[in-house]
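Accompanying notes for the structure given below.
The values are calculated or read from the model by the stated rules, or taken from the named source; none is laboratory data. Predicted model, so just to flag it, every value in this text is computed and none were measured. Cβ atoms come from the backbone with ideal geometry, glycine included; neighbour counts cover every protein chain shown. To get the accessible areas, we keep the full protein, side chains included, count just its heavy atoms, and leave off ligands, DNA and RNA. Shrake-Rupley method; radii C 1.70, N 1.55, O 1.52, S 1.80 Å.
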Amino acid sequence: MRLGVSRAAISKGIERLREAGFRIDSAPRRGYTWLGGEEPLWPEALREGLRECRLFRPERIRVHEVLDSTNTEAERLAEAGHPEGTVVWTERQTSGRGRLGRSWVSPPWRNLCFSIVLRPAVDPRSVAQLTLLSGVALAEVVLASGLRDLALKWPNDVMTGGAKLGGILTEMRGEVDRVRYCIVGIGFNLLGDRLAFPPELRPRLAVLEEVLHQQGVSLPGPLHRGSFLAAFLRTFEAWYFTYLQEGFAPLRARWCALSNTFGREVRVVGADGKVETGRVRTLDEEGCLVLETASGGRIRVLAGEVEFTSPVYG
Ligand code: BTN
């Protein structure tokens, strides 16, 4: 009682930390031990990692403990006139959103949930290319960690061993011929393991730290969320400037090299519910998936959910 805090109050506090994802051991007479593994995002580590950035200036990074959705908060900021390069990060979302009206679940303290405000001077029809750009940047940072099997699945999934490490939700406001702003929201499973997720989601998702451990990859140090986010933002920025200056072609080539989508039989459910089947032939100059149907025809898919119905072909 020297600090004027009762045992019961400490135990309640520890329980709250455990619920928040901290691994804390307890032993009689020794008290509590934090087993490490998760730590809050350190804005200092992030600031340090962004020193060279022109777009993602450290003062444009906003860190929250809880939000409804970082995409929604980024939208509020964009509407209020905040500049391109504003980044909204949170530990926990109460209404995290995925593509196609789904929800996004991410245990706090371990993962990345953030959104970026962009104001690109591009045709609104090109905005889906920003999803592909984000996938490339995410894949490059993940590959730098030493992961052996990584693949981009059209249009927005970062996969390993058939399971999803992360996803991207790009939203846009504007007129038919002008983009006012775009919000790129990213959810990525970085630390810990799948046990932190609800059981029904576990078979289809992967957590980078767990997969690296399973693959026996030895890291120079623990994965750190602030450094990982900074590395992502630096990589994204480099690709974004290339994209604005040179167009989609270099990005398209890089995306294709990182993808596992080509040559496979797929079933695609479009945003309108229409189902198309065929073999994936290419990604066209605009970022649409081109399928070859059983009758030899070609179909261009602008948006939808891809399901692989065959393994990789050659
Ligand atoms: C998907 O794969 O369906 C896209 C998932 C995108 C989730 C992220 S988490 C941060 C941002 N805020 C949201 O509400 N959604 C995105």
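Here is how the numbers come out for the structure above:
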{"item": "R0 of 45 Å, Cβ-Cβ distance CYS256-TYR32: FRET efficiency to nearest 0.05", "result": "0.35"}
{"item": "Whole-Hz ³J(HN,Hα) from phi, Karplus 6.51 cos²θ - 1.76 cosθ + 1.60, for the range 293-305, glycine and proline x", "result": "7, 4, 8, x, x, 10, 10, 9, 9, 7, 7, x, 10"}
{"item": "Pairwise label distance in nanometres, GLU59 with LEU223, each label 7 Å out on the Cα-Cβ vector", "result": "3.3 nm"}
{"item": "Sparsely packed GluC sites (Glu not before Pro) within the range 51-99, loop by DSSP, other Cβ within 10 Å at most 13", "result": "GLU52"}
{"item": "Residue (of VAL88, SER115, GLY135) at the positive-pole extreme of the range 55-175, dipole from beta-carbon charges", "result": "GLY135"}
{"item": "The chain: DSSP helices with Cα axial extent of at least 27 Å and average Kyte-Doolittle hydropathy no lower than -1.0", "result": "225-246"}
{"item": "13 Å beta-carbon shell around VAL127, net charge (K/R +1, D/E -1)", "result": "0"}
{"item": "Those residues of the range 195-234 whose amide nitrogen sits under 13 Å from the label point placed on GLU52, 7 Å along Cα→Cβ", "result": "231-234"}
{"item": "Neighbour-limited loop hits for GluC sites (Glu not before Pro), the range 168-256 (at most 16 other Cβ within 10 Å; DSSP other than H, G, I, E, B)", "result": "GLU200"}
{"item": "Test item: Cα-centred dipole of the chain, Lys/Arg +1 and Asp/Glu -1 on Cβ, debye", "result": "720 debye"}
{"item": "Trypsin sites (Lys or Arg not before Pro) within the range 111-157: DSSP coil, no more than 15 neighbouring Cβ in 10 Å", "result": "ARG148"}
{"item": "Residues with amide H under 5 Å from that of GLY161, placed H, sequence gap 5 or more", "result": "none"}
{"item": "Value at 222 nm in deg cm²/dmol, rounded to 500, when DSSP H runs of n ≥ 4 in the chain each add -39,500 (n - 2.57)", "result": "-8500 deg cm²/dmol"}
{"item": "Carbon plus sulfur fraction of accessible area for the chain, probe 1.4 Å, in percent", "result": "52 percent"}
{"item": "Built amide H within the under 5 Å cut-off of LEU205, gap 5+", "result": "LYS164"}
